[in-house]
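Heads up, the thing below is written out as structure tokens.
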Amino acid sequence: MTPPLKVAVAGGSMGGLTAALLLRDQGHDVTVYERSSEELQQRGAGIGFLPDSYRYLVERAGRSLADLATVTHGIRYLDRHDRVVVDVPCSYHFSSWNTVYRNLLAEFGRERYLLGREVVGRDESDDSVTVRFADGSSVAADLLVAADGVGSVFRQELMPEVRH
């Protein structure tokens, strides 16, 4: 059995919250650092809600899939002239970014979800990582999860060939 790790999660959207919840469920000491100074707001309209996306909320948090999503019985794509180019019968769940985010945040709680904490870098040693923030402060952790979104400082540093 691994002793509990002190985990810092950079980014408090759906990916960061899901990672934080899974790590917390394994007994680790997890804190989420979100750069926004206020809770995140609605992002777009609907999202395809696949099993990998809803598994935590349904299987571990006990949320009802019917309360999180709506079901469609087909997918139809139109071209720019409103002609149907694809019409496929299928069962597909849709939700909204806001519904998913709010449920994940409610499950994680706000005590260890710290707003206004923009992660700008890290310094590693053999047994820990120091997480650096935009305000000049830092925190030590055993593990850093980089879930800091499309403009990720870590993605640019670790995988410069990947473009967003």
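Of the residues in region 113-123, how many are open to solvent by 20 Å² or more (accessible area, probe 1.4 Å) and on the phi < 0 side of the Ramachandran plot?
Going through region 113-123 one residue at a time, the tally reaches 7.
Return the residues of region 132-151 that are β-branched (Val, Ile, Thr) and either assigned to a loop (DSSP other than H, G, I, E, B) or touching an Asp or Glu at 6+ places or on another chain (Cβ under 8 Å) (or both); say none if nothing qualifies.
VAL150
Among the residues of region 3-28, which ones are open to solvent by less than 60 Å² (accessible area, probe 1.4 Å) and over 11 Å from the mean Cα position of the chain (by Cα)?
Answer for region 3-28, where residues must be open to solvent by less than 60 Å² (accessible area, probe 1.4 Å) and over 11 Å from the mean Cα position of the chain (by Cα): LEU5, VAL7, ALA8, LEU23, GLY27, HIS28.
So how many residues does region 124-157 have that are out of contact with any His (no Cβ under 6 Å at 6 or more places or on another chain), more than 27 Å from GLY27 (Cβ to Cβ) and either among the aromatic types (Phe, Trp, Tyr) or open to solvent by 80 Å² or more (accessible area, probe 1.4 Å) (or both)?
So the count comes out to 4.
Just wondering, is there one or more residues in region 75-90 that are on the phi < 0 side of the Ramachandran plot and in contact with a Cys (Cβ under 7 Å, 6 or more places away or on another chain)?
yes
Find the residue count for region 100-125, including only residues that are more than 30 Å from ALA69 (Cβ to Cβ) and in contact (Cβ under 8 Å) with a residue 60 or more places away in the chain.
The qualifying residues number 4.
Condition check ((1) among the charged types (D, E, K, R); (2) under 26 Å from VAL150 (Cβ atoms)) across all residues:
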site	(1), (2)
SER36	no, yes
GLU39	yes, yes
ASP52	yes, yes
ARG83	yes, no
ARG112	yes, yes
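The values are calculated or read from the model by the stated rules, or taken from the named source; none is laboratory data. This structure is a prediction, so every number in the text was calculated from the model and none was measured. Reconstructed Cβ throughout: ideal geometry from the backbone, glycine too, with neighbour counts over all protein chains shown. What goes into the accessible areas is simple: the full protein's heavy atoms, side chains included, and nothing from ligands, DNA or RNA. Shrake-Rupley method; radii C 1.70, N 1.55, O 1.52, S 1.80 Å.
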